[in-house]
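A short worksheet on the structure shown next.
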Amino acid sequence: VQLQASGGGLVQPGGSLRLSCAASGSGFPIRDMGWYRQAPGKQRELVSRTRPGGITYYVDSVKGRFTISRDNAKNTVYLQMSNLKPEDTAVYYCNAVGFRGATHWGQGTQVTVSS
């Protein structure tokens, strides 16, 4: 599975961005799709994940501000980020996990929240 992420950028505090990640290639079907992030000097953390059946997970710090969605027909996962804060600044990585546990990563996309 190849993952192509897009949608990062520079935004002011309180602004919004939408990240997209499209999966292609072999290794389908995919069970989980989600987003991790890594800020400078910090460990990579799981931000949000979606599983079949509409099961979703959000790290506490983004609950109520971020929304994950998935278009299975397009093999694409989205992360709508609203009310962004400077502490959301990080490189965001798309992640996919197959039903047999194979894990795939996309290239990172930088999100910078700054005035």
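Below is a table of values for the structure above.
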quantity	calculated
Close pairs from the range 23-41: first at negative phi, partner open to solvent by less than 20 Å² (accessible area, probe 1.4 Å) and of a type in the set (D, E, K, R), Cβ under 9 Å, at least 6 apart	Arg37/Asp88; Ala39/Asp88
Subset of the range 25-40 that is assigned to a loop (DSSP other than H, G, I, E, B) and of a type outside the set (Ser, Thr, Tyr) - its residue that is surrounded by the fewest Cβ atoms within 10 Å (Cβ to Cβ)	Pro40
Subset of the range 1-22 that is small (Gly, Ala, Ser) and under 13 Å from Tyr93 (Cα atoms) - its residue that is least open to solvent (accessible area, probe 1.4 Å)	Ala5
Residue, most open to solvent (accessible area, probe 1.4 Å), within the range 43-81, restricted to residues that are on the phi < 0 side of the Ramachandran plot and without any contact (Cβ under 8 Å) to a residue 12 or more places away in the chain	Gln43
Cβ-Cβ under 8 Å pairs, at least 6 apart or on other chains, the range 95-108 side surrounded by fewer than 15 Cβ atoms within 10 Å (Cβ to Cβ), far side in a loop (DSSP other than H, G, I, E, B)	Phe99/Pro29; Ala102/Val1; Ala102/Gly27
Options Leu84, Leu19: the member that is touching a residue at least 12 places away in the same chain (Cβ under 8 Å) and within 17 Å of Ser114 (Cβ to Cβ)	Leu84
Only one of Gly101, Gly108 that is out of contact with any Phe, Trp or Tyr (no Cβ under 9 Å at 6 or more places or on another chain) and small (Gly, Ala, Ser)	Gly101
Residue in the range 67-80 that is within 21 Å of Gln43 (Cα to Cα) and in contact with an Asp or Glu (Cβ under 9 Å, 6 or more places away or on another chain) present	no
Selection count where residues are hydrophobic (A, V, I, L, M, F, W, C) and over 12 Å from Trp35 (Cα atoms), scope the range 89-115	4
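The values are calculated or read from the model by the stated rules, or taken from the named source; none is laboratory data. On a predicted model such as this, the values are computed, not experimentally measured, just so you know. We place every Cβ from the backbone using ideal geometry, glycine too, and count neighbours over all the protein chains shown. Accessible surface areas use protein heavy atoms only, side chains included; no ligands, DNA or RNA. Shrake-Rupley method; radii C 1.70, N 1.55, O 1.52, S 1.80 Å.
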